[in-house]
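What follows is a single structure, written as structure tokens, with notes after it.
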Number of protein chains: 2
Amino acid sequence: MALIVQKYGGSSIANPERIKKVAKRIVATKRRGKQLVVVVSALGDTTDRLIKLANQVSDKPAEREIDMLVSTGEQISAALLAMAIQSLHSQAISFTGPQVGIVTDSSHTRARILSINTKRIREELKRDRIVIIAGFQGSDVKDNITTLGRGGSDLTAVALAGMLKAGCCEIYSDVEGVYTADPKIVPQARKLRALSYDEILEMASLGAQVLQNRAVEVAKKFNVPIRVRSSFSRGRGTLITREAKSMEKAVVSGVTLNKNEAKVSLRGVPDRPGIAARVFKTIADKDININMIIQNVGSRGISDISFTVMKGDLGKTLAVVKRVAKDIGARGVNFNEDIAKVSVVGVGMQSHPGIAARMFASLAAQGINIEMISTSEIKISCIIAKKHAEKAVRAIHAKFGLGRKK
Amino acid sequence: MALIVQKYGGSSIANPERIKKVAKRIVATKRRGKQLVVVVSALGDTTDRLIKLANQVSDKPAEREIDMLVSTGEQISAALLAMAIQSLHSQAISFTGPQVGIVTDSSHTRARILSINTKRIREELKRDRIVIIAGFQGSDVKDNITTLGRGGSDLTAVALAGMLKAGCCEIYSDVEGVYTADPKIVPQARKLRALSYDEILEMASLGAQVLQNRAVEVAKKFNVPIRVRSSFSRGRGTLITREAKSMEKAVVSGVTLNKNEAKVSLRGVPDRPGIAARVFKTIADKDININMIIQNVGSRGISDISFTVMKGDLGKTLAVVKRVAKDIGARGVNFNEDIAKVSVVGVGMQSHPGIAARMFASLAAQGINIEMISTSEIKISCIIAKKHAEKAVRAIHAKFGLGRKK
């Protein structure tokens, strides 16, 4: 019998009415002859509410206790969904992550899955039950409860699909699928029918928050097809696989926008070997992630180094960089928070030259200046002024003909 | 080092402010050189809120899933209290019931504790940590989460105190201790300094809802001293032990009132051997608990049988009794919901004759008619009309001189 793993996000089960709707959908799928494992997130804003409570009793709550606290959110969802399914006369049983043998390392609040013992799940599937599992959680070898970090329920679902050799992992949320651009910015944006793991990885990290990146990486490793779809409609959503066949013709899959980065520049850096390495090692030692880097080698033996970091890391970064600047004899440190990163993503572009040129041309036609550029095999990103961000996305989206056919 | 088990009820930790206050109290006790295991209930009305959610998704939620759902309440409390203690620079760690090896049978929503593996608790105590445990819960041998029924956190605390051979089990709530009568009815009611297990058992089952009965039974079995006290004051509360020495002089410990019972009478029952047995076996087979029973053997070979049941069981009881009445040829069935049970409780009365006579006299002096009487070694109960209930309690309380000295 075909096995499907489904995951329902917080908005899909935000209240009793929605839980009952999801239960109906699950039971209908079951009656079509599928075996079902369902992973759930916490109801609506439960996690935020719990974190708020934690901050009210402690300035700096220990991560082990945070995990103990927030893991209850998914447990509540799992129990309620099991009840709702049972009330439709279908058999269901709920489990916490630890109960179904999801063993992780001990990195609380961002644990990694080490192994899953699927024995209990297989037993319950054999009894023809729908198995409901609290997402986002597991336990370490000492039986402490751990959580997998933001979006961790996606990871639970995909990892279970991999271990159980499920035919598909369906990720339900309040969006219809993955779009060629954010429909709020580009009304003509088109839902993609298919996408590759690599493309979704670039899309997600660039701002289209559809799927947790680690979940996609695991899906890629185990070759689990993922279908991203809405729990509020019957749409087929977007299928994510190793190679998205229908993509062959399309060069670019989508345009993404990210406003969460800030740019930092070291001016007047002596152009000696090892200087860049020294700068970035010092930053990495502080656990700060660098996104884009460019170095302009200037005349007279000095250069400028610019890079972007997440805005939340900016303060920490400036403190480090100012110290380093002094040590290496740089002239000064600048920063700019009013930037945006616009990117085009597409597996097709690997074998199609001229994509970058077309992107730059469309920006130029709008009179938008490009401050930084970075490219990889499947994406090209430009840093521009924040005020031009939406205009840039629309221009590029139109230039590549990504919108719906009229 | 002396070990104390403390239990904090839902009202003691109803919000972040109260959790922080309780944390301070715990840390102060720790600094006086005690080892501490703390058991917590769910915050304020959490359990009711979760049950309401369950009823919104299902007409008849399965008990296994109810346990999965409501056990999160105590887990949340445990995590928050651990955080609050840590923020006072004391070491603490929280656990669920299953994590500390509380193994129960599989009777979901009313499970019985089978065993406790205290290894993990002892390890953490050795590391000088305050161990916080989610009350009310455990898991069965198949690792399903179970709960211990209403008031189950008391049971968790007392059972742990017994297994860990703690010096004392302190039960914190919003009451100062056990009183000679309900202070809302008798303003002169006095807090008792000490009480025996048997007395509190009679008091609790008669309406003074201070401690779960099963918890007292376990305390008696393991000879664990219990101190009932308030988390909102410094009062010493009431100490409950095998033999309350300070009770020697007092004959009666308290007066209790219970309005939750209804009286059922079978009239004109043929007075043959085995008839009463048949009546009560039929009722017991329906899982209905009988409280008081009296049988008036009348003349001409017929008698009346009266008994009381919980009001919630009245409908079920009447259905059964009417059938039985027909079978045995009884004349009819009466019932009365407007009754109250007033009782005096006291270990002292075992060796003091005349207590019953004084109680009846005080009721007679108020012109209150007694409908039923039952006595045991440490209590005497009278069923009277509900409208006289409070007046009766005050009269008896005064007659036995239980009030505060002026």
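The values are calculated or read from the model by the stated rules, or taken from the named source; none is laboratory data. Nothing here was measured: the structure is a model prediction, and the numbers come from that model. Note: ideal-geometry Cβ built from the backbone for every residue, glycine included; neighbour counts use all protein chains shown.
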- How many residues of the stretch B:88-125 are among the basic types (Lys, Arg) and over 21 Å from B:Leu164 (Cα atoms)? The answer is 1
- Go through the stretch A:65-96 residue by residue and tally those that are part of a strand (DSSP E or B) and closer than 15 Å to A:Gln137 by Cβ. 2
- Message: Please verify whether A:Arg150 is farther than 27 Å from A:Ile19 by Cβ, at pLDDT below 95 and basic (Lys, Arg), treating the condition exactly as stated.
- Response: no
- Single residue of B:Val342, B:Val333, B:Val264 found to be assigned to a strand (DSSP E or B), within 26 Å of B:Ile200 (Cβ to Cβ) and not charged (D, E, K, R): B:Val342
- Those residues of the stretch A:97-146 which are surrounded by 23 or more Cβ atoms within 10 Å (Cβ to Cβ) and in a loop (DSSP other than H, G, I, E, B) amount to A:Gly97, A:Ala111, A:Gly135, A:Phe136
- Task: Filter the stretch A:159-213 down to residues that are charged (D, E, K, R) and surrounded by 20 or more Cβ atoms within 10 Å (Cβ to Cβ), then give me how many there are.
- Result: 4
- Filter the stretch A:334-361 for residues that are in contact with a Lys or Arg (Cβ under 6 Å, 6 or more places away or on another chain) and crowded, with 19+ Cβ neighbours inside 10 Å and give the result. A:Ile339, A:Ala340, A:Ser343, A:Val345
- Task: Would you be able to tell me the number of residues in the stretch B:374-389 that are surrounded by fewer than 17 Cβ atoms within 10 Å (Cβ to Cβ) and at pLDDT 90 or above?
- Result: 3
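Filtering the stretch B:1-21 down to residues that are in a helix (DSSP H, G or I), in contact with a strand residue (DSSP E or B) (Cβ under 7 Å, 6 or more places away or on another chain) and crowded, with 21+ Cβ neighbours inside 10 Å, which residue is nearest to the other protein chains (Cβ to nearest Cβ)?
Of all residues in the stretch B:1-21, those in a helix (DSSP H, G or I) come to B:10-13, B:16-21.
Checking the rest, the ones that are also in contact with a strand residue (DSSP E or B) (Cβ under 7 Å, 6 or more places away or on another chain) come to B:11-13.
From what is left, the residues that are crowded, with 21+ Cβ neighbours inside 10 Å are B:12-13.
Working: B:Ser12: 14, B:Ile13: 10 Å.
Applying the filter and picking the extreme gives B:Ile13.
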- Task: Using the structure shown, decide if A:Leu43 is of a type in the set (A, V, I, L, M, F, W, C), in a strand (DSSP E or B), touching a helix residue (DSSP H, G or I) at 6+ places or on another chain (Cβ under 9 Å) and touching a residue at least 24 places away in the same chain (Cβ under 8 Å).
- Result: no
- Take the residues of the stretch B:41-90 that are in contact with a His (Cβ under 9 Å, 6 or more places away or on another chain) and acidic (Asp, Glu): which is farthest from the other protein chains (Cβ to nearest Cβ)? B:Glu63
- Screening A:Glu124, A:Glu170 for residues that are in contact with a Lys or Arg (Cβ under 7 Å, 6 or more places away or on another chain) and either of a type in the set (Asp, Glu) or within 9 Å of another protein chain (Cβ to nearest Cβ) (or both) leaves only A:Glu170
- Message: Suppose we filter the stretch A:122-150 for residues that are on the phi > 0 side of the Ramachandran plot and in contact with a Gly (Cβ under 9 Å, 6 or more places away or on another chain); how many remain?
- Response: 1
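Checking the condition within 30 Å of B:Val131 (Cβ to Cβ) and within 14 Å of another protein chain (Cβ to nearest Cβ), which residue from A:Ile133, A:Ile116 passes?
Among A:Ile133, A:Ile116, only A:Ile133 is within 30 Å of B:Val131 (Cβ to Cβ) and within 14 Å of another protein chain (Cβ to nearest Cβ).
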- Out of all the residues in the stretch A:71-84, which are over 14 Å from A:Pro98 (Cα atoms) and among the β-branched types (Val, Ile, Thr)? A:Ile76
- Going by the structure shown, is B:Thr72 buried (at least 17 other Cβ atoms within 10 Å of the Cβ), under 20 Å from B:Ala215 (Cβ atoms) and under 28 Å from the mean Cα position of the chain (by Cα)? no
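Restricting attention to the stretch B:261-305, which residues are under 16 Å from B:Ala319 (Cα atoms), surrounded by 15 or more Cβ atoms within 10 Å (Cβ to Cβ) and either of a type in the set (Gly, Ala, Ser) or in contact with a helix residue (DSSP H, G or I) (Cβ under 8 Å, 6 or more places away or on another chain) (or both)? Can you show your working first?
Going through the stretch B:261-305, the residues under 16 Å from B:Ala319 (Cα atoms) turn out to be B:262-267, B:278-290.
After this cut, where a residue has to be surrounded by 15 or more Cβ atoms within 10 Å (Cβ to Cβ) as well, the list is B:262-267, B:279-280, B:282-283, B:288, B:290.
Within the stretch B:261-305, B:Ala262, B:Val264, B:Ser265, B:Leu266, B:Val279, B:Thr282, B:Ile283, B:Ile288, B:Ile290 qualify.
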- Message: I'd like the full set of residues that are under 24 Å from B:Phe307 (Cα atoms), part of a loop (DSSP other than H, G, I, E, B) and either among the polar types (S, T, N, Q) or without any contact (Cβ under 8 Å) to a residue 24 or more places away in the chain (or both), limited to the stretch B:356-406.
- Response: B:Gly367, B:Asn369, B:Ile370, B:Ser376
- Qualifying residues in the stretch B:22-40 (those that are more than 14 Å from chain A (Cβ to nearest Cβ) and farther than 25 Å from B:Val216 by Cα) - the one surrounded by the most Cβ atoms within 10 Å (Cβ to Cβ): B:Lys30
- Item | Residues (touching a strand residue (DSSP E or B) at 6+ places or on another chain (Cβ under 7 Å) and at pLDDT below 90) located in the stretch B:356-370 | B:Ala356
